[in-house]
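The block underneath contains the structure these notes are about, expressed in structure tokens.
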Number of protein chains: 2
Amino acid sequence: MPHAADDLQRSIDATGSIAVVGLDPRPALLPPALVQAALAAHGDTQAGVAAAFLAFNRGLIDAVAGKCCALKPQLACYEAYGSAGLRCLEETVAYARTKGIPVIADGKRNDIGSTAEHYQQGFLGAAPGLAGASLPGLGAQWLTINAYLGADGVTPFTGKAPGGTGVFVLVRTSNPSAGDLQDQGGADATVAERMATLVQRWSEGRRGACGLTDIGAVVGATWPAQARTLRGLMPDTLFLVPGYGAQGGSAADALAGMRSDGRGTVVNNSRGIIAAWQKHKSADWQGAARAALEAMNADLATAR
Amino acid sequence: MPHAADDLQRSIDATGSIAVVGLDPRPALLPPALVQAALAAHGDTQAGVAAAFLAFNRGLIDAVAGKCCALKPQLACYEAYGSAGLRCLEETVAYARTKGIPVIADGKRNDIGSTAEHYQQGFLGAAPGLAGASLPGLGAQWLTINAYLGADGVTPFTGKAPGGTGVFVLVRTSNPSAGDLQDQGGADATVAERMATLVQRWSEGRRGACGLTDIGAVVGATWPAQARTLRGLMPDTLFLVPGYGAQGGSAADALAGMRSDGRGTVVNNSRGIIAAWQKHKSADWQGAARAALEAMNADLATAR
């Protein structure tokens, strides 16, 4: 049986990297040549932005393939451009699949059971057609979800047993105001700790051969002390760590929740890689992305 | 200055209805004639499902216009069919706008500040183009959001001052396991109550002429005692109440959090209206939807 955590661990082992490249395109991050080509073909329209994003993503995927364990498109960047943006996302994921790179769709989806099923269909599975067809969705391997709604907003994504897809539940996010709710609580546990306890409960019996479960957790690099506490509550959970680099988290911060066996953490970086060409004022945006990723891999290796 | 709560109150006053019609199409709910037409034109594909959904939605909008205060498409139903589904959503919202009916996009979106901005652009605002264009998004008036990430996941949606758009923050959802997290907490407050306190804090200075703010709250009809408590914490907040009908909430349950001035609550119903033709075994699906909505309006009026 396939298991999403085993698949991701295989990708980590094959590439030697725990880095996740965030494919979060924005017009301001696009190389000028791609902008000009898209404007010439489509004008300054949603279709033009989508075409430029797709050319950027394909080039980035070519540049980072084999050097990162996964890709993480941020769905908001695509949804800002409506159905044209979503079509670009579909083509991006299809291209990643041709390279065999696992994709984490960062959508932070959440809803009640019968509705959450539709999100599962759209991002991880297949939806029913009008006359019995099974219509495949985006084809991502993982989806970030928000579990504020409790178990019946989670089980539609996970099913009864592990398979080829998994989820990352938001536990402790990397943003400055994350603590508004997540740090609140009585004397016994914060909201984030309660969420971690729920993740641990939902994960029972879901470990793969690699020792990790298919219900991961988002734990921001900007709060290393909390990452250590949360690891105690979720010993076999894969942590997806945002906040490295641009948001201020160091490699040591990002790895604060890593297990003693060196597993259980993947670290996202978006702008630091895809916009590295701007920082270095380089026309070779693919080379700049690859070099930035290699530097990140080295930084993480030193800190491990 | 426009104010989303004033606009919605005007729609309530004009229609005499606090009912919100949930446009949550699923293949199993479609009238056979629409299915056959879509299959003939597109086959059993995502485009076929999207075409059938659009014909259904347009017919439903014609049927309920003037008798409900707003429409609430559930984004998951559309995202299950990828970019074709999202295109159907765009055309549905465009059609609703021609009828002047406010639209609540039910996406429960959430992310950190810089990313939440993109969701705001995609659903409520406009996104930047490649060369200075401002590219309008879906054009909904309201978006449901999940505020687990705290203030900086909310302010990108609301801006500094009220305008023509607003949000509904998930406070207490209607699903059976809502309490897994939302009812937890110390002796002083549950997580849902803490969220309500945050909503109240974020809403300061945002009341419209109608007395309500543009930061509403989702408070499920299935928990009337909690709705009363939450009203005490959020006196000027518009409650969007799911769970009436199919999920078991009565009219009295749905109105448990209504203010003493009879304002501050709108009540969603999806399947009870859009699938009324199935319950009554009627080929006139539009007439069945209209009759079901009129019955809901009467039920709510009696309970007020």
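Laid out as a table, the results:
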| read-out | value |
| --- | --- |
| The stretch A:4-26, residues that are in contact (Cβ under 8 Å) with a residue 60 or more places away in the chain, part of a loop (DSSP other than H, G, I, E, B) and within 29 Å of B:His118 (Cβ to Cβ) | A:Ser17, A:Ile18, A:Gly22, A:Leu23, A:Asp24, A:Pro25 |
| Number of the condition not met by A:Gly82 [criteria: (1) within 14 Å of chain B (Cβ to nearest Cβ); (2) surrounded by fewer than 20 Cβ atoms within 10 Å (Cβ to Cβ)] | (2) |
| Failed item, numbered, when B:Asp188 is tested on (1) closer than 21 Å to B:Ser17 by Cβ; (2) free of Cβ contacts under 8 Å to residues at least 12 places away in the same chain | (1) |
| Top-ranked residue in the stretch A:252-291 [being among the basic types (Lys, Arg) and over 19 Å from the mean Cα position of the chain (by Cα); ranked as farthest from A:Ile12 (Cα to Cα)] | A:Lys281 |
| Sole exception among (1) of a type in the set (D, E, K, R); (2) in contact (Cβ under 8 Å) with a residue 24 or more places away in the chain; (3) buried (at least 24 other Cβ atoms within 10 Å of the Cβ); (4) at the interface with chain A (Cβ under 7 Å from one of its Cβ atoms) for B:Arg109, by number | (4) |
| Extreme residue, surrounded by the most Cβ atoms within 10 Å (Cβ to Cβ), among residues of the stretch A:260-304 that are more than 20 Å from A:Ala65 (Cβ to Cβ) and aliphatic (A, V, I, L, M) | A:Ala303 |
| Selected residue [within 20 Å of B:Leu170 (Cα to Cα) and not hydroxyl-bearing (Ser, Thr, Tyr)] from B:Ala283, B:Ala192 | B:Ala192 |
| Count - residues of the stretch A:183-205 that are modelled with pLDDT of 95 or more and in a loop (DSSP other than H, G, I, E, B) | 3 |
| B:Ala63 being within 12 Å of chain A (Cβ to nearest Cβ), over 21 Å from B:Val241 (Cα atoms) and either in a helix (DSSP H, G or I) or at pLDDT 95 or above (or both) | no |
| Condition broken by A:Leu75, with the remaining ones in (1) in contact (Cβ under 8 Å) with a residue 40 or more places away in the chain; (2) buried (at least 24 other Cβ atoms within 10 Å of the Cβ) satisfied | (1) |
| Subset of the stretch B:90-104 (residues that are among the polar types (S, T, N, Q) and touching a strand residue (DSSP E or B) at 6+ places or on another chain (Cβ under 8 Å)) | B:Thr92 |
| Residues satisfying the stated conditions in the stretch B:85-99, i.e. over 28 Å from B:Leu149 (Cβ atoms), without any contact (Cβ under 8 Å) to a residue 60 or more places away in the chain and more than 9 Å from every other protein chain (Cβ to nearest Cβ) | B:Glu91, B:Ala94, B:Tyr95, B:Ala96, B:Arg97, B:Thr98, B:Lys99 |
| Pairs, first farther than 19 Å from A:Trp277 by Cβ and free of Cβ contacts under 8 Å to residues at least 40 places away in the same chain in the stretch A:41-57, second among the charged types (D, E, K, R) and part of a helix (DSSP H, G or I), C-beta under 7 Å, six or more apart | A:Ala50/A:Arg87 |
| Some residue of the stretch B:146-158 being touching a residue at least 12 places away in the same chain (Cβ under 8 Å), aromatic (Phe, Trp, Tyr) and at the interface with chain A (Cβ under 7 Å from one of its Cβ atoms) | yes |
| Residue match in the stretch A:31-38 (condition: part of a loop (DSSP other than H, G, I, E, B), buried (at least 22 other Cβ atoms within 10 Å of the Cβ) and touching a Gly at 6+ places or on another chain (Cβ under 9 Å)) | no |
| Residue in the stretch A:39-60 that is within 26 Å of B:Ala28 (Cβ to Cβ) and in contact with a Gly (Cβ under 9 Å, 6 or more places away or on another chain) present | no |
| Unmet criterion (only one of (1) over 17 Å from B:Gly107 (Cβ atoms); (2) under 21 Å from the mean Cα position of the chain (by Cα); (3) crowded, with 23+ Cβ neighbours inside 10 Å) for B:Gln200 | (3) |
| A:Ala217 vs. criteria touching a Ser or Thr at 6+ places or on another chain (Cβ under 8 Å) and outside any strand (DSSP E or B) | no |
| Meets criteria (over 30 Å from B:Gly85 (Cβ atoms), surrounded by fewer than 21 Cβ atoms within 10 Å (Cβ to Cβ) and facing another protein chain (nearest Cβ under 7 Å)) for A:Ala187 | yes |
| Residue list for the stretch A:190-216, restricted to those being among the small types (Gly, Ala, Ser), away from chain B (no Cβ under 13 Å) and touching a Leu at 6+ places or on another chain (Cβ under 7 Å) | A:Gly216 |
| Any hit, the stretch A:131-138, residues being within 18 Å of A:Ala70 (Cβ to Cβ), in contact with a Lys or Arg (Cβ under 7 Å, 6 or more places away or on another chain), within 9 Å of chain B (Cβ to nearest Cβ) and touching a residue at least 24 places away in the same chain (Cβ under 8 Å) | no |
| Residue within the stretch B:159-182 that is among the acidic types (Asp, Glu) and more than 8 Å from chain A (Cβ to nearest Cβ) present | no |
| Lone unmet requirement of (1) without any contact (Cβ under 8 Å) to a residue 24 or more places away in the chain; (2) not charged (D, E, K, R); (3) not in a helix (DSSP H, G or I) for B:Gly232 | (3) |
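Matching residues to (1) facing chain B (nearest Cβ under 8 Å); (2) within 27 Å of A:Ser282 (Cα to Cα):
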{"position": "A:Met1", "(1), (2)": "no, no"}
{"position": "A:Asp24", "(1), (2)": "yes, yes"}
{"position": "A:Pro31", "(1), (2)": "no, yes"}
{"position": "A:Ala40", "(1), (2)": "no, yes"}
{"position": "A:Gly43", "(1), (2)": "no, yes"}
{"position": "A:Leu71", "(1), (2)": "no, yes"}
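The values are calculated or read from the model by the stated rules, or taken from the named source; none is laboratory data. In this text the structure is predicted, and so the values were computed from the model without any measurement. Reconstructed Cβ throughout: ideal geometry from the backbone, glycine too, with neighbour counts over all protein chains shown.
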